[in-house]
Structures are given as structure tokens and as C-alpha cells.
């Protein structure tokens, strides 16, 4: 089940989508303007955002742009009555994942929603960890996802924002192997300019801060020729 936020000033559309998504076991949250949508993105941490382009006040483009600037990576599907290439180009440039023109087929939209939920599975696991499980502990290392805080033997570890996000991704999914490309996509978004060597450097820096012996890590483990995983237990 996914939590889906619909931001649109069309009340009839909210009724239709609530019934449709509910039949599939999803939870739908409603916002009717951009300001309300941004507030609910922060408070409810939805798994996917359906975002109208033209609304009174803040446009959907502004909502998406501000959300991406804040580092939120949830998938965004724009809904718009305008289907011209200029509008689509703006949407994709500011971080949209998809663009559906009104009036649209509900079946087609559901297929797109399902595809993006599957595609962003790693990000959703992270967001669920933040929203539902505020912390995770392995050995002497404890992470508080929504506080951007990591403790080692009860003492805070000084991590940069990117170091924390990489560690949080791993600790939210202990035992799961992530390739360097997957980690880069999660942190910087797909088609980022970051390469595998950047992730290797970040991992080394994290190990220097959390491992007793960074050359023989116990927490953040290398999976040869694949990537990295976080230990399930020590």
C-alpha cells in the first residue's frame, strides 16, 4: 500500500481518485493548493505526488521546484490540461518524473503510478523508515532518521548531509546490497554527474567516522564487484 498525495483544485477529481486508489489499497491525501501541498509533503511524507500544474496561487511547477530544492526525492506526476512540449519541458527540467494530460484515462494513470512506485522502491523504503520507524540500531550504532542524527556508543557522529543520507539509505535496508550507481541515483537523482568514485570516497569517509578499524569494517560492508550493504547484526 502506498500513500499518495493529490494536489489539485478540482474537488471532483479528488473524489474519483480517492475511490479509485482506495480500491487498490492505497491511501490518498488531499491538498487543494500549492501551499497546502508543500505542508502535507513535509508532514505526511507521501510515497508519490500527483500535482496539478495550474492552480490558484502557487503553481504546480513552483511546488515541484521548491520540493526538489529541499532535497525531497519522491516521484512526481504532473497533471495538466495543457499538453504542449514547452510545458512538458519545464516540468521535466524542474524534476518531474512523468506528465499526464487531462482529461486522462484512469487506467493509464494507475499504470504510471504503479511503474513509478516500483522504480522508486529504494527511495520509498527510506521515506517509510523516516516516517514509521524513527530510529534503527545495529551494535553500538544508532540512527535517528527524521533528526539527521547518528550516535556511536551514545555519542553523536559528525556527518555531512550527504554522508548521513547514504548511511540512512543503508541502515533503513540492512542486508540489502546497493550498487554505487543506485546510491548515486538515490542521493543526487538519476542522470546525475556523480560517478562511482564519488560514492567510494563517501563510503571511506563514513567508515572513518563509524568503524573502529575502517580497513576492516563491521557495519558498512563491501560486496565485491557489486557495491555495499549494511550489516543486519554484529
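The values are calculated or read from the model by the stated rules, or taken from the named source; none is laboratory data. Just so we're clear, the structure is a prediction, and the values are computed from it rather than from any experiment. Counting neighbours? That spans all protein chains shown, and the Cβs are built from the backbone with ideal geometry, glycine included.
With a cut-off of at least 3 residues that are farther than 20 Å from residue 93 by Cα and not assigned by TED's automatic domain parsing to the domain that holds residue 185, name the strands (runs of 3 or more DSSP E) lying wholly within segment 6-82.
Ranges flagged: 27-31.
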Does segment 1-18 contain at least one residue that is within 23 Å of the chain's Cα centre (by Cα) and closer than 25 Å to residue 184 by Cβ?
yes
In segment 205-218, which residue that is in contact with a helix residue (DSSP H, G or I) (Cβ under 6 Å, 6 or more places away or on another chain) and in a loop (DSSP other than H, G, I, E, B) is surrounded by the fewest Cβ atoms within 10 Å (Cβ to Cβ)?
214
Tell me the helices (runs of 4 or more DSSP H) entirely within segment 87-204 that contain at least 1 residues that are modelled with pLDDT of 85 or more and farther than 21 Å from residue 69 by Cα.
106-119, 161-172, 180-188
